[in-house]
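Peer 1: This is the structure I have questions about; it appears just below.
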Amino acid sequence: MGLTTELYKSGLSQKESYLISSLAKEKKDIFTLKDAQKFVPEGTKKIVNSLVKKKWVLDLKRGLYALVPLDVGPEGADSFLVHSFVIAPYLVKPYYIGFWSALNYHGLTEQIPRDTFIASTKPKRPVKVLTWSYVFVEMREHKFFGYETYEIEGKKIHISSPEKTIVDCLDHPEHAGGIEEVARAIYFNVKDLDIGKIIEYAKRMKNAAILKRLGFILEKTGLLPKYENYFSDFVPTKGYSSLDPLSPKKGKHNSKWGLLINLDLNPERWFY
């Protein structure tokens with residue numbers, strides 16, 4: 001016998017069937033307990049828990065659930081996967097997917113980060129949803145910009161633009177796999193990036209270390225002559241910022257860029 005809606009619904013109570021249908025109609029494929037209460041005000045948690053047991057609903061985290069599509073098959077929630085980015089809007093607001101996660105999404109790196117990095121103006125501790133770990137990076141209001149809306153699994157998700165992703169990663173290389181990962185992203189994708197926009201965004205961030213790191217990376221990779229006009233009025237601020245926050249604060253001081261070179265960037269080894 002083929003799998004049909006009728007066959008599936010034969011194992012559901014009237015309230016369970018009504019909740020499933022109502023959520024699907026409202027396109028609430030990811031929903032909270034509060035969403036469910038709008039359709040079944042009484043005994044909501046018990047009904048949702050029952051649907052979890054029957055594999056119609058996937059329990060993501062406390063109070064957050066995913067509706068399992070009919071076409072998933074008889075295994076239901078056991079064989080259903082949700083893209084980690086789709087969960088982000090339900091974890092914190094405002095938000096955007098950024099740093100190493102955005103770097104990978106835009107194809108600026110082949111490295112797949114273990115964690116999903118989310119930028120927000122609100123502090124939040126790391127959380128785990130199913131097999132995914134989410135790291136939240138608190139940002140000041142003036143830094144929270146430069147994201148765009150992308151569609152993933154039918155959902156509109158905020159992700160930093162390629163240029164803002166580079167700027168954020170230069171601001172906090174520790175959330176991007178380290179400065180070498182950022183340098184590789186710039187070097188191999190420079191033709192697809194708007195360096196002028198990166199410079200503009202960097203100035204808005206009000207962190208001198210961003211331009212220092214960018215200038216040094218462009219020089220080290222032989223790209224600076226092409227973009228030198230953007231640094232014509234560049235004067236490093238006092239003090240030496242670390243090139244790579246993840247490395248020990250030991251190395252040579254570069255007065256041109258105002259950097260402590262605590263990591264050897266060697267573009268030649270990036271080809272092997």
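Peer 1: Among the numbered criteria (1) closer than 27 Å to Trp270 by Cα; (2) outside any helix (DSSP H, G or I), which single criterion is violated by Glu219?
Peer 2: So Glu219 meets the others, but not (2).
Peer 1: Which of (1) among the acidic types (Asp, Glu); (2) at pLDDT 90 or above; (3) more than 22 Å from Leu130 (Cα to Cα) does Glu26 not meet, given it meets every other one?
Peer 2: With (1) among the acidic types (Asp, Glu); (2) at pLDDT 90 or above; (3) more than 22 Å from Leu130 (Cα to Cα) applied to Glu26, the lone miss is (2).
Peer 1: List the number of the failed condition for Phe31; all other conditions in (1) assigned to a helix (DSSP H, G or I); (2) modelled with pLDDT of 90 or more; (3) under 23 Å from Glu151 (Cα atoms) hold.
Peer 2: (1)
Peer 1: Search the range 44-73 for residues that are closer than 16 Å to Lys27 by Cα and crowded, with 18+ Cβ neighbours inside 10 Å and pair each with any residue that is among the hydroxyl-bearing types (Ser, Thr, Tyr) and at pLDDT below 85 when their beta-carbon atoms are under 8 Å apart and the residues are at least 6 apart or on different chains.
Peer 2: Close Cβ pairs (under 8 Å, with a partner that is among the hydroxyl-bearing types (Ser, Thr, Tyr) and at pLDDT below 85) amount to Trp56/Tyr8.
Peer 1: Taking the condition touching a residue at least 12 places away in the same chain (Cβ under 8 Å), assigned to a helix (DSSP H, G or I) and either under 30 Å from Asp194 (Cβ atoms) or under 24 Å from the mean Cα position of the chain (by Cα) (or both), does Ile87 pass?
Peer 2: Yes; evaluated as a whole, the condition is true for this residue.
Peer 1: Here is a further query. From His158, His142, grab the single residue that is in contact (Cβ under 8 Å) with a residue 12 or more places away in the chain and in a strand (DSSP E or B).
Peer 2: His158
Peer 1: Then there's this: In the list Ala119, Ala88, Ala183, which residue meets the criterion of being touching a Leu at 6+ places or on another chain (Cβ under 8 Å) and surrounded by 21 or more Cβ atoms within 10 Å (Cβ to Cβ)?
Peer 2: Result of the check over Ala119, Ala88, Ala183: Ala183.
Peer 1: Among what's in the range 235-272 and is out of contact with any strand residue (DSSP E or B) (no Cβ under 9 Å at 6 or more places or on another chain) and of a type in the set (Lys, Arg), pick the residue that is farthest from Leu224 (Cα to Cα).
Peer 2: Per the criteria, the residue is Lys238.
Peer 1: Pick out the one residue from Ser50, Ser101 that is farther than 24 Å from Val127 by Cβ, part of a helix (DSSP H, G or I) and at pLDDT 90 or above.
Peer 2: Of Ser50, Ser101, the one residue that is farther than 24 Å from Val127 by Cβ, part of a helix (DSSP H, G or I) and at pLDDT 90 or above is Ser50.
The values are calculated or read from the model by the stated rules, or taken from the named source; none is laboratory data. Owing to the predicted nature of the structure, the values given are computational and were not obtained by experimental measurement. FYI the Cβ positions are ideal-geometry reconstructions off the backbone, even for glycines, and counts take in every protein chain you see.
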